[in-house]
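Asks: Pasting a structure below so you can have a look.
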Amino acid sequence: MVILGIETSCDETSAAVLLKEGNRITILSNVTASSAELQAKYGGIIPEQAAREQLKSIIPVIETAINDSDLVIKEIDAIAVTQGPGLIGSLLIGVETAKTLSYVWNKPLIPVNHLLGHLYANWIDSNSQPQALNNALSFQPPSFPLLGLLVSGGHTDLVYFKDHMDYLYLGGTRDDAAGECFDKCARLIGFSYPGGPAIAQSAMEFKTQNSKFKIELPRPLLNNDTFDFSFSGLKTAVAREVDNLKKLKQWNKNTQKHLSYEIQEAIIEVLVEKTITAAKKYNVKQLIVAGGVAANKRLSDELKIKSDKLGIKLHIPKPVLCTDNGAMIASVAFFLKPIDNLKDLQANPNLSLENENVAGQLR
Ligand code: KG4
Ligand code: ZN
């Protein structure tokens with residue numbers, strides 16, 4: 001089965017063609033146009049501008065994805081599109097384009113929850129070529145039951161999956177998401193959007209032994225016995241540290257690196273501790289991590305150490321499949337039923353994993 005996946009929830013316009021042979025999902029093409037550079041100039045995303053960029057990119061991106069796949073339209077079995085959550089203007093471009101293509105090409109249409117899309121990037125065998133069956137043996141897709149940690153710019157969620165589309169929402173952020181915290185703290189310490197990679201890079205350059213200062217940031221809700229997160233207090237603490245250092249005339253490249261290091265440590269410690277506590281409580285032997293922040297090396301290293309100790313198999317997609325992309329949307333769609341009527345599909349900016357019936361119906 002071949003699915004064209006379309007993703008336009010935020011500032012990335014992406015389309016991908018994926019193939020499923022038996023249990024194996026591979027990428028034939030995955031094309032992304034990002035307006036992140038433009039957003040960086042303004043220090044964050046301006047929704048109207050993101051939607052305008054989506055409109056400019058959507059057709060060329062889909063065309064390139066189909067060309068790159070070496071398939072013709074006739075060989076595509078279905079179209080999948082992000083229904084939500086996201087920015088309404090951006091979502092509408094993808095949803096309306098997908099509906100139109102579904103009608104004109106006479107292909108089934110499968111709406112996808114973007115958050116599940118992130119998690120299902122873990123089902124993609126991205127290391128071997130399609131049809132390269134000898135390589136395929138090395139890839140093991142996640143198996144149930146499993147724990148999912150979704151850490152993106154808009155979401156921080158812990159979800160226990162009994163099976164495909166059968167899950168229990170354990171907790172999420174009460175305020176800022178982990179990625180949002182990276183982005184807001186980055187801005188406070190002088191980096192542009194997206195802040196996660198900038199902080200990760202700067203933190204790597206920090207040498208603990210060179211530090212003259214003690215900077216201690218809070219670990220919000222670390223010892224609270226829910227699986228909820230809260231990151232907004234961290235940004236306030238960072239603002240205070242920057243003010244202090246400026247008052248002491250000690251705000252410079254070194255203290256910026258030091259603060260980057262402490263911000264990353266604080267966010268990662270909370271994410272890792274809560275995730276491992278949930279994995280123990282639900283006794284899972286498989287952990288899937290996804291979303292833009294899953295591209296963070298410190299997070300993957302820490303999770304690997306802790307999950308290895310517990311005999312838990314850790315799955316994290318390649319960095320390009322952690323940030324928004326069309327491939328992850330097609331990946332979920334292999335497990336879902338298409339809608340019966342195009343009129344039934346509306347973009348939904350508030351879709352989450354918390355409510356029932358947001359995952360779509362199993363195929
Ligand atoms: O999943 P994503 O591409 O978009 C959303 O659906 O939100 O995630 C984007 C987020 C941004 O907040 C960005 O700063 C963060 O992922 N991010 C990272 C890293 N790469 C991207 N955060 C920490 N470390 C990274 N290496
Ligand atoms: Zn996303």
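Asks: Identify all residues within the range 20-46 that are open to solvent by 20 Å² or more (accessible area, probe 1.4 Å), touching a Ser or Thr at 6+ places or on another chain (Cβ under 9 Å), more than 16 Å from ligand 1 (Cβ to nearest atom) and not charged (D, E, K, R); write none if there are none.
Replies: Across the range 20-46, the qualifying residues are Ile27, Leu28.
Asks: Hey, among Ser90, Ser69, which residue is of a type outside the set (Lys, Arg), within 18 Å of Thr26 (Cα to Cα) and open to solvent by less than 30 Å² (accessible area, probe 1.4 Å)?
Replies: Only one candidate passes the filter, namely Ser69.
Asks: Does the range 170-178 contain any residue that is open to solvent by 10 Å² or more (accessible area, probe 1.4 Å), in contact with a strand residue (DSSP E or B) (Cβ under 6 Å, 6 or more places away or on another chain), assigned to a strand (DSSP E or B) and among the β-branched types (Val, Ile, Thr)?
Replies: Looking through the range 170-178, at least one residue is open to solvent by 10 Å² or more (accessible area, probe 1.4 Å), in contact with a strand residue (DSSP E or B) (Cβ under 6 Å, 6 or more places away or on another chain), assigned to a strand (DSSP E or B) and among the β-branched types (Val, Ile, Thr).
Asks: Next question. Any idea which of Ser143, Ser126, Ser202 is modelled with pLDDT of 95 or more and farther than 27 Å from Val242 by Cβ?
Replies: Ser143
Asks: Which one of the conditions (1) more than 28 Å from Pro142 (Cβ to Cβ); (2) assigned to a helix (DSSP H, G or I); (3) open to solvent by 30 Å² or more (accessible area, probe 1.4 Å) does Pro218 fail to meet, given that it meets all the rest?
Replies: (2)
Asks: Restricting to the range 306-321, give me the number of residues that are under 14 Å from Leu271 (Cβ atoms) and either hydroxyl-bearing (Ser, Thr, Tyr) or not in a loop (DSSP other than H, G, I, E, B) (or both).
Replies: Going through the range 306-321 one residue at a time, the tally reaches 3.
Asks: May I ask you to say which residue of Gly94, Gly117, Gly148, Gly172 is within 16 Å of ligand 2 (Cβ to nearest atom) and more than 28 Å from Ser307 (Cβ to Cβ)?
Replies: Result: Gly94 is the single residue among Gly94, Gly117, Gly148, Gly172 that is within 16 Å of ligand 2 (Cβ to nearest atom) and more than 28 Å from Ser307 (Cβ to Cβ).
Asks: Can you tell me which residue among Glu63, Glu53, Glu96 is assigned to a helix (DSSP H, G or I) and loosely packed, with under 15 Cβ neighbours inside 10 Å?
Replies: Going through Glu63, Glu53, Glu96 in turn, the sole match is Glu63.
Asks: If you go through the range 242-249 one residue at a time, do you hit one that is of a type outside the set (D, E, K, R), free of Cβ contacts under 8 Å to residues at least 12 places away in the same chain and surrounded by fewer than 16 Cβ atoms within 10 Å (Cβ to Cβ)?
Replies: Yes, that holds for at least one residue.
Asks: For the range 328-348, give me each residue that is assigned to a loop (DSSP other than H, G, I, E, B) and in contact with a His (Cβ under 7 Å, 6 or more places away or on another chain).
Replies: Phe335
Asks: Among (1) among the β-branched types (Val, Ile, Thr); (2) open to solvent by less than 30 Å² (accessible area, probe 1.4 Å); (3) part of a strand (DSSP E or B), where does Ile58 come up short?
Replies: Here Ile58 clears every test but (3).
Asks: Evaluate the following for Lys280: is it more than 11 Å from ligand 1 (Cβ to nearest atom) and either touching a residue at least 12 places away in the same chain (Cβ under 8 Å) or within 19 Å of Tyr160 (Cβ to Cβ) (or both)?
Replies: yes
Asks: Being at pLDDT 95 or above, surrounded by fewer than 24 Cβ atoms within 10 Å (Cβ to Cβ) and under 22 Å from Lys274 (Cβ atoms) narrows it down to one of Val159, Val104, so name that one.
Replies: Val159
Asks: Does Lys285 meet the test of being among the basic types (Lys, Arg) and within 13 Å of ligand 1 (Cβ to nearest atom)?
Replies: Criteria not met by Lys285.
Asks: Moving to a separate point now. Kindly provide the set of residues from the range 251-277 that are open to solvent by 50 Å² or more (accessible area, probe 1.4 Å) and not hydroxyl-bearing (Ser, Thr, Tyr), ordered by number.
Replies: Trp251, Asn252, Lys253, Asn254, Glu269, Glu273
Asks: With assigned to a helix (DSSP H, G or I) and either within 16 Å of ligand 2 (Cβ to nearest atom) or buried (at least 22 other Cβ atoms within 10 Å of the Cβ) (or both) as the only criterion, which of Leu287, Leu351, Leu303 stands out?
Replies: When all the criteria are applied, what remains is Leu303.
Asks: Of all residues being over 26 Å from Ala98 (Cβ atoms) and not hydrophobic (A, V, I, L, M, F, W, C) in the range 306-318, which is nearest to ligand 2 (Cβ to nearest atom)? Just the residue, please.
Replies: Step by step, filter the range 306-318, then rank; the result is His315.
Asks: Answer yes if at least one residue in the range 110-117 is among the small types (Gly, Ala, Ser) and in a helix (DSSP H, G or I), and no otherwise.
Replies: Looking through the range 110-117, at least one residue is among the small types (Gly, Ala, Ser) and in a helix (DSSP H, G or I).
The values are calculated or read from the model by the stated rules, or taken from the named source; none is laboratory data. These figures come from a predicted structure and were not determined experimentally. A quick note on method: Cβ atoms are made from the backbone with ideal geometry, for glycine too, and the neighbour counts reach across all protein chains shown. For accessibility, only protein heavy atoms count, side chains too; no ligands or nucleic acids. Shrake-Rupley method; radii C 1.70, N 1.55, O 1.52, S 1.80 Å.
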